[in-house]
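Asker: Once you've had a glance at the structure underneath, I'll fire off some questions.
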Ligand code: PLP
C-alpha cells in the first residue's frame with residue numbers, strides 16, 4: 001500500500017480495513033455480510049448501537065447530546081442547520097474561515113439573516129479570524145464555525161466564546177483528531193470520509209434542546225427531531241458505513257483513545273512543520289499560529305517545481321499530495337490513519353527532492 005495523503009476520502013488504518021475484509025462475507029454467526037443485513041435486524045441493531053456507545057465513550061459525549069448517523073454529506077448540514085436552528089430571531093453569526101464555511105453561510109442565507117462576523121477571505125483564508133465574545137450577536141439563533149479548514153490547512157486552536165448562543169462546528173476534517181469538550185458546542189458534525197470511515201455517513205452530535213424546532217414545512221429527512229425519534233432509522237441508514245465507523249471507533253480505543261491520537265497527531269504535524277520552517281525550498285502557507293494538525297499546506301513558490309514534486313512523490317509512493325484545485329501547491333493530509341513513519345518518510349523524500357533541485 002502507498003502512503004496516502006488524500007484530503008478526502010482519506011486513508012483508513014490497515015487494521016480497520018483488514019478487520020472489515022475478514023468480516024466482509026460473513027459477519028459473526030449471522031451467516032451474511034453486514035451489507036446484506038436488514039437495518040431492523042438484531043445483529044445490525046447491535047452494530048449501530050455499539051457504534052454510538054463507543055463514540056460516546058471515546059469522545060466523552062454528555063448524556064444531553066444525541067448522536068445521529070445521517071446521509072447527504074457535510075454539505076447537507078449546511079442547509080439542515082439553519083432549517084432546524086433558525087427559529088427565534090432568524091439570525092445566525094458565521095465566521096468565514098474558508099470555502100466550506102463560505103458555502104455553509106451562503107446556504108444559511110436562503111433561510112434567514114446571516115451576519116458574517118469575521119472573514120479571512122481577503123487573505124486567501126490563510127488564517128483563522130479571531131473573534132471576541134462581544135462581536136457575536138446575543139440574539140442570534142446560533143453561531144457557526146468550521147473547526148478545521150481542509151483546503152487552507154488552518155484550524156481553531158481555541159474556540160470562540162459565544163456566550164449563550166449555541167456554537168455549531170463543522171469538524172469534518174478534524175473530528176477525533178484531538179480531544180474536544182463537547183459541552184461547549186450546540187452541534188458538532190462531520191462528513192465521515194476524512195477521519196472516520198468511508199463516504200456516505202454524516203455524524204451529527206446535537207444538544208437535546210436544539211432538537212424539535214423545525215417548521216412544519218421542513219422536509220422530514222431534514223428534520224433533526226424525526227432523526228432523533230427514529231434513532232437515525234427514519235429510513236434505511238448507510239448501514240455499511242456505520243459499521244465501518246464502529247470499527248474505526250474501536251481502533252481509536254485500542255490506540256489509547258483520542259488523547260493518545262492527539263499526542264501522535266501533534267508529533268506527526270511537528271515533523272512536517274519543523275521541516276517546512278527550515279527548508280529553503282518548501283514553505284508552509286497557513287498562518288503559523290493557526291496551523292492544522294490534519295491538513296498541511298505548502299508551496300515551493302514555483303508552479304512547475306510544485307508539479308515536478310507531486311509527480312516524483314507519486315512515483316515514490318507518496319500519493320495525493322496535490323493541493324486543492326482552487327489553491328494549487330501541495331497539501332499533505334495526515335489524518336488519524338497516517339502513521340508517524342509515513343510522515344517521516346515523506347519528509348525524507350522532501351529533503352532529497354530539495355537537495356536534488
Ligand atoms: N466541510 C469540510 C471542512 C470539508 O472538508 C468538506 C469536504 O471536503 C465538506 C464540509 C463537504 O463535505 P461533503 O463532501 O461530505 O459534503
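So that you can scan it fast, the table gives a plain yes or no per residue for (1) within 16 Å of the ligand (Cβ to nearest atom); (2) over 27 Å from residue 322 (Cβ atoms):
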position: 148; (1), (2): yes, no
position: 151; (1), (2): yes, no
position: 154; (1), (2): yes, no
position: 163; (1), (2): no, yes
position: 168; (1), (2): yes, yes
position: 174; (1), (2): yes, no
position: 179; (1), (2): no, yes
position: 186; (1), (2): no, yes
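Asker: Among the residues of segment 117-133, is any in contact (Cβ under 8 Å) with a residue 40 or more places away in the chain, assigned to a helix (DSSP H, G or I) and under 29 Å from residue 326 (Cβ atoms)?
Answerer: no
Asker: Scan the helices (runs of 4 or more DSSP H) fully inside segment 14-95 and keep the ones with 3 or more residues being touching a residue at least 12 places away in the same chain (Cβ under 8 Å), touching a helix residue (DSSP H, G or I) at 6+ places or on another chain (Cβ under 9 Å) and more than 23 Å from residue 195 (Cβ to Cβ).
Answerer: 73-85
Asker: Within segment 131-145, is even one residue within 12 Å of the ligand (Cβ to nearest atom), surrounded by 24 or more Cβ atoms within 10 Å (Cβ to Cβ) and in the same structural domain as residue 54 (by TED's automatic domain parsing)? Give the steps one after another, and end with the answer.
Answerer: Going residue by residue through segment 131-145, those that are within 12 Å of the ligand (Cβ to nearest atom) are 144-145.
Still in the running and surrounded by 24 or more Cβ atoms within 10 Å (Cβ to Cβ): 144-145.
Subset that is in the same structural domain as residue 54 (by TED's automatic domain parsing): 144-145.
Scanning segment 131-145, I find at least one residue that is within 12 Å of the ligand (Cβ to nearest atom), surrounded by 24 or more Cβ atoms within 10 Å (Cβ to Cβ) and in the same structural domain as residue 54 (by TED's automatic domain parsing), so the answer is yes.
Asker: Considering only segment 203-301, give the helices (runs of 4 or more DSSP H) lying wholly within it that have at least 2 residues that are surrounded by 15 or more Cβ atoms within 10 Å (Cβ to Cβ) and at pLDDT below 95.
Answerer: Once the helices (runs of 4 or more DSSP H) in segment 203-301 are filtered for at least 2 residues that are surrounded by 15 or more Cβ atoms within 10 Å (Cβ to Cβ) and at pLDDT below 95, nothing remains.
The values are calculated or read from the model by the stated rules, or taken from the named source; none is laboratory data. Since this is a predicted model, take the numbers as computed values, not measurements. Methodologically, a virtual Cβ is constructed for each residue, glycine included, from the backbone with ideal geometry; neighbour enumeration extends over all protein chains shown.
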